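Student: Mind looking over this structure? Questions follow.
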Amino acid sequence: MITIYTKTHREACLDGLSLEDAAVYDEYVSDYFDYVLDAALEEGIAVEFSNNLSPYSYSVTDNNYNKENDFMLFDIKGFWTWYN
């Protein structure tokens, strides 16, 4: 299972960016998370969202670490790449 920490994800995506960028993020982040969830379900990977801060924007379970980590690193576009 992949846990996405939404507060950390937001901070990481907006680091050093403008208030206008924050407004774009806030408007489209739900669609982005739907994209991540749909892609994960196609791969048989469970995703949960946690409204917490963490040192990283996501974590993966130990039993499927390689598959889930590779999925997040290589298969999923980052928010700004997906948005553009």
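Student: What are the residue pairs meeting all of these: first residue in region 24-49, first residue over 22 Å from Asn66 (Cβ atoms) and in contact (Cβ under 8 Å) with a residue 40 or more places away in the chain, second residue surrounded by fewer than 16 Cβ atoms within 10 Å (Cβ to Cβ) and not hydroxyl-bearing (Ser, Thr, Tyr), Cβ atoms under 6 Å, and 6 or more apart or on different chains?
Tutor: Here the result reads Tyr32/Trp82, each pair linking region 24-49 to a residue that is surrounded by fewer than 16 Cβ atoms within 10 Å (Cβ to Cβ) and not hydroxyl-bearing (Ser, Thr, Tyr).
Student: Is it the case that region 14-21 has a residue that's over 9 Å from the mean Cα position of the chain (by Cα), closer than 16 Å to Ser57 by Cα and in contact (Cβ under 8 Å) with a residue 24 or more places away in the chain? Let's see the steps before the verdict.
Tutor: Taking region 14-21 first, the residues over 9 Å from the mean Cα position of the chain (by Cα) are 14-21.
Within this subset, residues satisfying the condition of being closer than 16 Å to Ser57 by Cα are 14-15.
This time we only want the ones that are in contact (Cβ under 8 Å) with a residue 24 or more places away in the chain, so: none.
Looking for residues that are over 9 Å from the mean Cα position of the chain (by Cα), closer than 16 Å to Ser57 by Cα and in contact (Cβ under 8 Å) with a residue 24 or more places away in the chain, one finds none in region 14-21, hence no.
Student: Now for a separate question. For region 7-47, which positions are in contact with a Ser or Thr (Cβ under 6 Å, 6 or more places away or on another chain) and loosely packed, with under 10 Cβ neighbours inside 10 Å?
Tutor: Within region 7-47, no residue meets the criteria.
Student: OK, next. Quick check on my filter: what residues within region 1-50 are in contact with an Asp or Glu (Cβ under 8 Å, 6 or more places away or on another chain) and assigned to a strand (DSSP E or B)?
Tutor: Selection gives Ile2, Thr3, Ile4.
Student: Considering each of Leu53, Leu73 in turn, give the residue that is surrounded by fewer than 15 Cβ atoms within 10 Å (Cβ to Cβ), outside any loop (DSSP other than H, G, I, E, B) and hydrophobic (A, V, I, L, M, F, W, C).
Tutor: Leu73
Rule-based calculations on the coordinates, nothing more; no lab input. Keep in mind that this is a model prediction, so the values were computed, not measured. Methodologically, a virtual Cβ is constructed for each residue, glycine included, from the backbone with ideal geometry; neighbour enumeration extends over all protein chains shown.
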